[in-house]
Ligand SMILES: C[S@@+](CC[C@H](N)C(=O)[O-])C[C@H]1O[C@@H](n2cnc3c(N)ncnc32)[C@H](O)[C@@H]1O
């Protein structure tokens, strides 16, 4: 077994990958009923406090004046005080009269806030409909929807707190003039990478028209209108139905994040996705593919944040997800050489760095 190499907290190995110890998680199972019930309420309280600006506030200040805060934001002071009191009961805040301060537990919530936005904001209707989906009375995509904007916001928050520095380290090693992001959401990531590489250009492909509209705003904000092009496109059309993307043949690095599993839903084309990707970007020398995997089941009696939600949400949506080994096999069969597999911040999430052969 190859010995682990650690650079700035990033583990990177040849054939062996040792997941960070944090991925084992701190939630001891079985979760007793009291913890489980309070967990449900506390995720909702944390999400509400985020929506009401408390995390942004405490990034800048070490205390908050309740009356003033409510007056400026036109909040119902009674409801807001109840939320703060719940936050205090959960051990996140100290409320003394009109003054609120965060406890040490706040910074951990801050780092992981993206998962609360993703889970509560994005998937609350899906989780709440689990029984009717199981009975076949309701179907995801028809009777039950997720909140796409909250999913995108949660992903962006998790990226900023946990993942960005890991990608940047890999990107720094690569030569590229044109980079493409598939399932690019609002094109934040492609803009950031192009901005930091003088002369580079970028493409951001996403199926969502509203995300592509927002991406135009991102491009303007980064002052990259001449260098980054958001394109509304179904990547499956590009891979399998002959849709041509102008500039695809100039792409030298293609990447996708939290999206590969969406391309693999149809078992009939699953094994063709990687060869089709290589064909769609014929001059790409490197593919950077990041995705969350199935949590390996073992002896652990603990759970990390996110994994249980990611697995259940995709089951309820009817979207299969994969183990790390299944992904690595898919790449091998598809003719990509795995340069390295890197733990990518969020639990059981990996960045696969792949070379075209
Ligand atoms: C979970 S989000 C990830 C967004 C972004 N890559 C990130 O990491 O924050 C998946 C994205 O893929 C897009 N998407 C889903 N299916 C797609 C398809 N067939 N073609 C292009 N984009 C797609 C969605 O609109 C969404 O923006």
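Just so you know, all these numbers are worked out from the coordinates, no wet-lab data involved. Values in this document were obtained by computation on a predicted structure and should not be read as measured data. Here the Cβ is made from the backbone with ideal geometry for all residues, glycine too, and neighbour counts use every protein chain on show.
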For the chain, what does the helix formula give at 222 nm: sum of -39500 (n - 2.57) over DSSP H segments with n ≥ 4, over the residue count, nearest 500 deg cm²/dmol?
-11500 deg cm²/dmol
At q = 0.12 Å⁻¹, the log10 of I(q)/I(0) for region 243-352 from a Debye sum over equal Cα scatterers comes to -0.45
Calculate how steeply helix 148-158 sits against the longest principal axis of the alpha-carbon atoms of the chain, using the helix alpha-carbon long axis, and give the answer as 0 to 90 degrees to the nearest 10.
90 degrees
Have a look at the DSSP beta bridges in the chain and tell me what percent are antiparallel, nearest 5.
55 percent
To the nearest 10 degrees, how steep is helix 33-51 against the longest Cα principal axis of the chain, on a 0 to 90 scale?
80 degrees
Nearest 10 degrees is fine. How inclined is helix 209-221 to the longest principal axis of the chain, computing both from alpha carbons?
90 degrees
To the nearest µm²/s, what D does Stokes-Einstein give for region 66-135 at 20 °C and 1.002 mPa s, using the Kirkwood radius over alpha carbon pairs as Rh?
150 µm²/s
When all alpha-carbon pairs of region 97-147 are counted, what percent fall beyond 13 Å?
67 percent
Once fully extended, how much extra length lies between residue 332 and residue 302, figured as 0.36 nm per residue of separation less the alpha-carbon to alpha-carbon distance?
7.6 nm
In nm, spacing of pseudo-spin labels at residue 35 and residue 134 (7 Å Cα→C-beta vector):
2.2 nm
On alpha carbon coordinates alone, what is the Rg over Rh value for the chain, Rh being the Kirkwood radius?
0.98
Note the direction-averaged projected area, equal to a quarter of the hull surface, for the Cα convex hull of region 28-111, in nm².
5.7 nm²
Which FRET efficiency value, to the nearest 0.05, do you get for residue 76 and residue 311 by plugging their Cβ-Cβ distance into 1/(1 + (r/R0)^6) with R0 = 25 Å?
0.10
Label zone at residue 262 (point 7 Å along Cα-to-Cβ), backbone N below 15 Å, region 159-196:
181-190
Please state the relative contact order of the chain as a whole percent: Cα pairs under 8 Å, 6+ residues apart?
18 percent
Computed from the mean reciprocal separation of all distinct C-alpha pairs, what Kirkwood hydrodynamic radius does region 149-188 have, in Å?
11.6 Å
Theoretical FRET efficiency, 1/(1+(r/R0)^6), r = Cβ-Cβ of residue 175 and residue 325, R0 35 Å, to 0.05:
0.70
Which FRET efficiency value, to the nearest 0.05, do you get for residue 243 and residue 142 by plugging their Cβ-Cβ distance into 1/(1 + (r/R0)^6) with R0 = 22 Å?
0.30
